[in-house]
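The values are calculated or read from the model by the stated rules, or taken from the named source; none is laboratory data. For clarity, every value in this text was computed on a predicted model and none was experimentally measured. We place every Cβ from the backbone using ideal geometry, glycine too, and count neighbours over all the protein chains shown. Side chains included, ligands, DNA and RNA excluded: accessible areas come from the protein's heavy atoms. Shrake-Rupley method; radii C 1.70, N 1.55, O 1.52, S 1.80 Å.
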Amino acid sequence: MTTRDVLFLLGSSRAGGNTETLARLAAEQLPAGTGQRWLDLRELPLPDFEDRRHAGGHPAPAGHAATLLEATLAATDVVIASPLYWYAVSTSAKRYLDHWSGWLRDPGAGFRQRMAGKTLWGVTALADTDPSAADPLVGTLRNSARYLGMRWGGVLLGNGSRPGDVLSDTGAVARAKTFLS
């Protein structure tokens, strides 16, 4: 039996928001014994990514980047919990994904090989009542998974603006109960 280790990356600019609430509802449904690691990207800020492919290469990850790389590689499932900000993932979530480009070029990490077969999931809350407003966010995550040979778990969408609003979205609350299964 394979044990799951799920990494939850919180990409909101505030604690306790609707996206985090929805992610925690989904996590509550995971079977006993499933590993969970929660990292808040606000507490592990990454510098802007600098593409150095053609300028001497990328340095080995250090500091918060090393922490995030280690956690990402140790997980069987990666859940990016990012509110919908201007029709995309948050700045901190995008910066994390941008750093994947450097990690792909770190020969010691084996990033591409080690990410293949993992499952990438997304959780987001949006204020728009039209779920298609999240299509760019969904596309970013789905295409990132495909590029690395990851399984695509999908995105759990919930509606809400003020903290706690998502709990009134009965459809999202119901979907959270089976989302990560």
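Assorted remarks:
- Under the condition of being more than 13 Å from VAL123 (Cβ to Cβ), touching a Gly at 6+ places or on another chain (Cβ under 9 Å) and in contact (Cβ under 8 Å) with a residue 40 or more places away in the chain, the residues counted in the range 163-181 number 4.
- Reported count of residues in the range 119-136, each being more than 11 Å from the chain's Cα centre (by Cα) and either in a helix (DSSP H, G or I) or without any contact (Cβ under 8 Å) to a residue 60 or more places away in the chain (or both), is 11.
- Qualifying residues in the range 13-30 (those that are among the small types (Gly, Ala, Ser) and assigned to a helix (DSSP H, G or I)) - the one nearest to ALA81 (Cα to Cα): ALA23
- Exactly one residue among GLY108, GLY102, GLY56 is modelled with pLDDT under 95, more than 17 Å from the chain's Cα centre (by Cα) and not in a loop (DSSP other than H, G, I, E, B), and that residue is GLY102.
- Flag for LYS118 being open to solvent by 10 Å² or more (accessible area, probe 1.4 Å) and either within 25 Å of GLY102 (Cα to Cα) or polar (S, T, N, Q) (or both): yes
- Evaluation of VAL78 against (1) part of a strand (DSSP E or B); (2) more than 13 Å from the chain's Cα centre (by Cα) (one fails), failing number: (2)
- Residue count for the range 145-166, restricted to those that are within 13 Å of VAL79 (Cβ to Cβ) and part of a helix (DSSP H, G or I): 1
- Candidates ALA109, ALA74 - the one that is touching a residue at least 60 places away in the same chain (Cβ under 8 Å), aliphatic (A, V, I, L, M) and farther than 28 Å from ALA174 by Cα: ALA74
- Verdict on THR72 being in contact with a Lys or Arg (Cβ under 6 Å, 6 or more places away or on another chain) and hydroxyl-bearing (Ser, Thr, Tyr): no
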